[in-house]
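Just below is one structure, and these are the notes that go with it.
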Amino acid sequence: MSDITYNQAVLEFATAGLAALAEASAKSSSVRTPAAESHFLCSWMVTALKQRTFSKLVADDLTLWIRQGRSMGAGAELKTLLEKIKAQYSYIRDKQTGLGTSINNMIAELESQEWLVITDQEVTKKLKLDSDGCNSLIISDDQFTQRIVGDELIKPITVFVRADEMLFAKIAYQHNLLLSPGNKKASLIKHHKAYQIWPKNLQPALTILLPLEA
C-alpha cells in the first residue's frame, strides 16, 4: 500500500466499513438502530486497526474515531461520517486537473457575492485586515502568481479566509476543491483561518466534511 494516496485510503476504508455494516444489518435486525450501528462500526474499526487491514495513512483517523465511538456512542455518528467520506471522496476522485482554473472560478464567485478578495499583496508576516466584518479571502501574491500555472495548481496554496467555515467549504467543493481544516493558529491574518488547497486535491489528511445531500 506504499503508493496509495490518502484520498484512496480513506475512501477504501469508508466503503469497506459501510459494506460491513450493511452485511451485518442484513443478517440481524438488532444492528439497525443508531446505537447498534455505532457499536458495530466502533468494534469493526478496532479490529481493522489491530489487524492493520487498511493503509497506515488512516491510522490516526481510526484512533480518533474509535475514541469518539467509545465515548459518545450513537452521538459519534460513525455511519454518517463514513457516508460523508464516501460521498465526497468518490465525487472528487476524478477531479484532479484544472485546479488553477477552479480556484480562479471560485474567486470570481466570491467576488460576485461581495467578498473582499485580495491576491496582489505578499503575506509574509502577521497582518490585520479591516474588512468591516465582510467575508474575505486573501492569497499571498507570490503563491497566487507562482503556484498557479495555466489551468493547474502546481504546489499547495494557502488561503486565508474570514467566513463561516462550512459555507466556504461548500463553495470550494462546488468548484471541485478539497480544503484542509481551517487553522487559526497558523494564520498570518487576524480573524482569519488558514486553509490549504493541494495539487490534484491530494490532501494529506481528512478534508472538511459537508452535510449529506438529501
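The values are calculated or read from the model by the stated rules, or taken from the named source; none is laboratory data. The structure presented is a predicted model; accordingly, all values stated were derived computationally and were not measured. All Cβ positions, even for glycine, are placed from backbone atoms using ideal geometry, and neighbour counts span all protein chains on display. Protein only, heavy atoms only, side chains kept; ligands, DNA and RNA dropped before computing areas. Shrake-Rupley method; radii C 1.70, N 1.55, O 1.52, S 1.80 Å.
Here the gap between residue 101 and residue 83, fully extended at 0.36 nm per residue and compared with their Cα-Cα distance, gives a gain of 3.6 nm. The angle between the Cα long axis of helix 34-51 and the longest principal axis of the Cα atoms of the chain comes to about 90 degrees, rounded to the nearest 10.
Assign unit charges at the C-beta atoms only (+1 for Lys and Arg, -1 for Asp and Glu), then state the dipole size of the chain relative to its Cα centre in Debye, rounded to the nearest 20.
Dipole of the chain, to the nearest 20 debye: 980 debye.
So, counting K/R as plus one and D/E as minus one, what does the shell of residues with Cβ under 15 Å around residue 173 add up to? Here the charged neighbours net out to 0. If Lys and Arg each add +1 and Asp and Glu each add -1, what is the summed charge of the other residues whose beta carbon sits under 15 Å from the beta carbon of residue 75? Net of charged neighbours comes to +1.
Stokes-Einstein at 20 °C, 1.002 mPa s, Kirkwood radius from Cα pairs: D for the stretch 66-185 in µm² s⁻¹? It would help to have the intermediate numbers written out before the result.
Numbers: Rh = 16.3 Å.
Translational D for this selection: 132 µm²/s.
In sequence order, the stretch 66-81 has phi-based couplings of 5, 4, 5, x, 6, 8, 10, x, 4, x, 6, 6, 5, 5, 4, 4 Hz under the Karplus curve 6.51 cos²θ - 1.76 cosθ + 1.60, θ = phi - 60°, and Gly or Pro positions carry x. Taking amide H as placed 1.01 Å from N in the peptide plane, residue 127 has its amide H under 5 Å from the amide H of 189, 190, each at least 5 places away in sequence or on another chain. Using a simple spin-label model with points 7 Å from Cα along the Cα→Cβ vector, what separation in nm is obtained for residue 166 and residue 4? About 3.0 nm, to one decimal.
Give the lysines whose C-alpha is closer than 28 Å to that of residue 190, dropping any in the same chain fewer than 8 places away, or say none. By straight Cα distance, residue 190 reaches 125, 126, 128, 155, 170. If you take all other residues with their beta carbon under 11 Å from the beta carbon of residue 117, and give Lys and Arg +1 and Asp and Glu -1, the sum is -4.
A dipole drawn for the chain from +1 and -1 charges on Cβ atoms has a positive end, and of 145, 171, 49 the residue lying farthest that way is 49.
Using a probe of 1.4 Å, the accessible surface attributed to residue 15 totals some 50 Å² when neighbouring protein chains are kept in position. A convex hull fitted to the Cα coordinates of the chain yields 142 cubic angstrom per residue.
Against the empirical curve 2.2 N^0.38 Å, the C-alpha radius of gyration of the stretch 35-93 lands at a ratio of 1.11.
Cα axis of helix 99-112 to longest principal axis of the chain: angle in degrees, 0 to 90, nearest 10? With rounding to tens, the tilt is 70 degrees. For the stretch 73-124 versus the stretch 160-174, the spacing of their alpha-carbon centroids is 7 Å.
Counting only residues at least eight positions apart within a chain, or on another chain, the aspartates and glutamates with an alpha carbon under 14 Å from that of residue 27 are 37. Against the chain, whose longest principal axis is taken from its Cα atoms, helix 165-174 shows a tilt of about 90°.
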